[in-house]
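The numbers here are math on the coordinates, done by the rules we state, and not lab data. Note that the structure is predicted; figures quoted are calculated from it, not measured. Backbone-built Cβ (ideal geometry, glycine too); neighbour counts: all protein chains shown.
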Amino acid sequence: MSSVTPLQAAEIRTDWTRAQVAELFALPFNDLLFQAQTVHRRHFDPNEVQISTLLSIKTGGCPEDCAYCPQSARYDTGVKNEALMPLSAVVEAASNAKANGATRFCMGAAYRSPKPRQLAEIRKMVAAVHALGLETCATLGMLEPAQAVELKEAGLDYYNHNLDTSESFYPQIISTRSYDDRLNTLQAVRDAGLKVCCGGIVGMGENEADRIDMLHTLATLPEHPGSVPINQLVQVAGTPLDAERINIDPLDFVRVVAVARILMPVTHVRLSAGRSDMTDEMQALCFFAGANSIFYGDKLLTTPNPAANADMELLGRLGMRPEKGGK
Ligand code: SAM
Ligand code: DTB
Ligand code: SF4
């Protein structure tokens, strides 16, 4: 949404109580989806979906221990440690993404946090992608306030940094950085005037209380994130979370999308990782529940995503179309 009317603004609140979030989760499925679709229609064209394309500009060899991640150097996942991509290759990928209908280009790096030399290179990439007329997004790990400002000055629109899960479940997933570290990076990003892209992962063995807590934290940040990616865990061989056989009820995933939509009415809720494991019907339910953004293209960072033509076919069957956007 480009502008928010006063009536729409009245619906945006950052003072949700945890009990209110829990009440939404407890609604009968049809009541929850009806409410989510009603809120969605007040703020968005329900037949439009924002298209983002991801590029891994620096793959593998990450020092962090995120239990879900194929790029951690601590796990034997077959992902090789590659150097930062050259600028020309990034520009080529961004041009292709634009030609294929993406309006936002997200550059991901397997860093704990970027070093000054790396950030200098990435600033050039951001400026070049911005010059193509695409919205720019980066996800590079933790940022200091000055680094966030540098990225903003280079033309960055969004910074992705996820909470991943609830504060209480978090220590079972990551030990090398704290929940507060994440909140501090989000603060630095907001203070620099960058738009926040922040969400989490469903299906890591968390329970409903954890999902309530995570969405409550997101919806009570000083400002709602501009984008909230909801990822379904992609189980990758070699990661600690692959050893556990985690089953998630697809309807519980849809509930998370619906509650996110109701809590954060003008946010783009992105149906992110995990779509390759979802049926078309589940994705359709997620769109009905208020998801209005996807990652488009055959690959996420290191794992598969539905083929672009399959996505266009699905959108066509649903009478949906890509949102016009970019700059
Ligand atoms: N290294 C940076 C960081 O962690 O902030 C940026 C890239 S990292 C891959 C971005 C996000 O991808 C993670 O926070 C996590 O939410 C998501 N992610 C990574 N591996 C995933 C998986 N196997 N399944 C679902 N989501 C995943
Ligand atoms: C987000 O929330 N999901 C994207 C993006 N932010 C960077 C990443 C998904 C990664 C899935 C695992 C992989 O492909 O390596
Ligand atoms: Fe590294 Fe990010 Fe993967 Fe964690 S999620 S291991 S920080 S690339």
* Applying the Karplus parametrisation 6.51 cos²θ - 1.76 cosθ + 1.60 with θ = phi - 60° to the phi angles of the stretch 165-171, what ³J(HN,Hα) value in whole Hz is obtained for each residue in order, glycine and proline being reported as x? -> 7, 6, 4, 7, 7, 3, x
* Asked: Any idea what the dipole of the chain comes to, in debye rounded to 20, about its Cα centre with Lys/Arg Cβ at +1 and Asp/Glu Cβ at -1?
  -> 880 debye
* Asked: Length gain on complete extension for the stretch Arg13 to Ala73, per 0.36 nm per residue less the alpha carbon to alpha carbon distance?
  -> 17.6 nm
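Between Thr5 and Asp65, what's the calculated FRET efficiency when r is the beta-carbon distance and R0 is 41 Å? Round to 0.05. Please report the intermediate quantities before stating the final value.
Values: r = 45 Å, r/R0 = 1.10.
Calculated value: 0.35.
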* Structure fact -> Residues whose modelled amide H sits under 5 Å from the amide H of Gly325, counting only those 5 or more places away in sequence or on another chain, are none
* Structure fact -> Within the stretch 98-131, the residues whose backbone N lies under 18 Å from a label point placed 7 Å from the Cα of Thr176 along the Cα-to-Cβ direction are 108-116, 118-119
* Asked: Just from its helices, what would the mean residue ellipticity at 222 nm be for the chain, if runs of 4 or more DSSP H residues each count -39500 (n - 2.57) and the sum is divided by every residue, rounded to the nearest 500 deg cm²/dmol?
  -> -12000 deg cm²/dmol
* To do: Out of all DSSP beta bridges with both ends in the chain, state the antiparallel percent to the nearest 5.
  => 5 percent
* Taking a ≥ b ≥ c as the square roots of the eigenvalues of the Cα gyration tensor of the stretch 1-46, is the shape rounded (a/c under 1.5), prolate (a/b larger than b/c) or oblate? -> oblate
* Work out how much length Ala307 to Phe34 would gain on full extension: take 0.36 nm times their residue separation and subtract the Cα-Cα distance, in nm to one decimal. => 95.3 nm
* Can you work out the FRET efficiency for the pair Arg245 and Asn100, with r the C-beta to C-beta distance and R0 = 41 Å, to the nearest 0.05? -> 0.70
* Putting +1 on Lys and Arg Cβ atoms and -1 on Asp and Glu Cβ atoms, find which of Leu186, Val21, Phe288 reaches farthest to the positive end of the dipole of the chain. => Leu186
* Asked: Considering the zone a paramagnetic label at Ala237 would reach in this model (a point 7 Å from Cα along the Cα-to-Cβ line), which residues of the stretch 78-102 have amide N under 17 Å from it?
  -> 78-80
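Quick one: Val21, Val39, fewest Cβ neighbours within 10 Å first, how do they rank?
Val39, Val21
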* **Which of Thr302, Thr165 has the fewest Cβ neighbours within 10 Å, and the rest in rising order** => Thr302, Thr165
* To do: Once you have a ≥ b ≥ c as the square roots of the Cα gyration tensor eigenvalues for the chain, tell me rounded if a/c is under 1.5, and otherwise prolate or oblate according to whether a/b is larger than b/c.
  => rounded
* To do: Evaluate the Kirkwood expression for the hydrodynamic radius of the stretch 123-168, namely the inverse of the mean inverse distance over all pairs of different C-alpha atoms, and round to one decimal in Å.
  => 11.5 Å
* Global geometry of the stretch 1-107, whether rounded, prolate or oblate, following the gyration tensor of its Cα atoms and the 1.5 cut on a/c -> oblate
* Asked: Considering every Cα-Cα pair within the stretch 244-327, what fraction, in whole percent, is farther apart than 18 Å?
  -> 45 percent
